[in-house]
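Structure record follows, encoded as structure tokens.
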Amino acid sequence: MTTNPQTPDPAAGPSPDPRRGLRVMLVRSSFIAACALLVVLAGFYSFWHQSSALACPDSPRADGIVVLTGGPERIAAAIRLLEGKAAGRLLISGVHPQTTARELRRVTGTERDLFRCCIDLDRRAPDTRGNAEEARQWAEERGYTRLLIVTSDYHMMRAMKEFSRVMPKTDLVACPVAGRDGRDPLQHPSSLRLWFSEYVKYLLALMRIQIGN
């Protein structure tokens, strides 16, 4: 007797439902995505919490001060430290090649004599990594072993990693200042975008440092 190929074999059991397999795949994918999102959010919260906990000492003392450009509030804070005798010399790193000392004096309200005696301008550093390299050279030329690092609060963690990489034996003291948007990133979307963007840059810097680049 010949069996009709179109007739299901009762002994084979029910055919698998392709929709069930799709549902299982979607559930697994959603679970993996949710876990990844939780990891990212936990990492971001840790980054924000650690950054927020950084604070300049009440009476900081060092050989020199290094401020990374990126906003007038950074330079103003560094100059206040210099005027307060926190250190004897200041390096403003990452100054635009066309920006003059006179313009910086005008923006920050700094006296000309202070610029002439105690402030150096670095115009070569294009980014945070370059800031660290220029600061290392500046410190080595002067025999400095302790530096105050001034930059925005959201930028400080990455800056300290880059500086520690090129100056492992130098005592680095973080002096963060409120950034362009000093509001709580957990409360305001604009702050959240700023901080999260910096968090991604921080992770990329960590990866690059880990592989030795």
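So the values come out like this:
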| quantity | calculated |
| --- | --- |
| Candidate set from the range 36-79 (those that are of a type in the set (Gly, Ala, Ser) and within 14 Å of the chain's Cα centre (by Cα)); member that is farthest from Leu90 (Cα to Cα) | Gly43 |
| Matching residues, the range 108-130, being loosely packed, with under 15 Cβ neighbours inside 10 Å and under 29 Å from Phe196 (Cβ atoms) | Pro126, Asp127 |
| Candidate set from the range 53-112 (those that are part of a loop (DSSP other than H, G, I, E, B), small (Gly, Ala, Ser) and modelled with pLDDT under 90); member that is farthest from His155 (Cα to Cα) | Gly109 |
| Subset of the range 156-169 (residues that are in contact (Cβ under 8 Å) with a residue 12 or more places away in the chain and under 21 Å from Gln137 (Cβ atoms)) | Arg158, Ala159, Met160, Lys161, Glu162, Phe163, Arg165, Val166, Met167, Lys169 |
| Counted residues, the range 131-165 - those being of a type outside the set (Phe, Trp, Tyr), crowded, with 16+ Cβ neighbours inside 10 Å and not in a strand (DSSP E or B) | 17 |
| Matching residues in the range 74-93 - criterion: being touching a Ser or Thr at 6+ places or on another chain (Cβ under 6 Å) and surrounded by fewer than 20 Cβ atoms within 10 Å (Cβ to Cβ) | Ala76 |
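The values are calculated or read from the model by the stated rules, or taken from the named source; none is laboratory data. These numbers come from a predicted model, not from an experiment. Note that each Cβ is placed from the backbone with ideal geometry, even for glycine, and that neighbours are counted across all protein chains shown.
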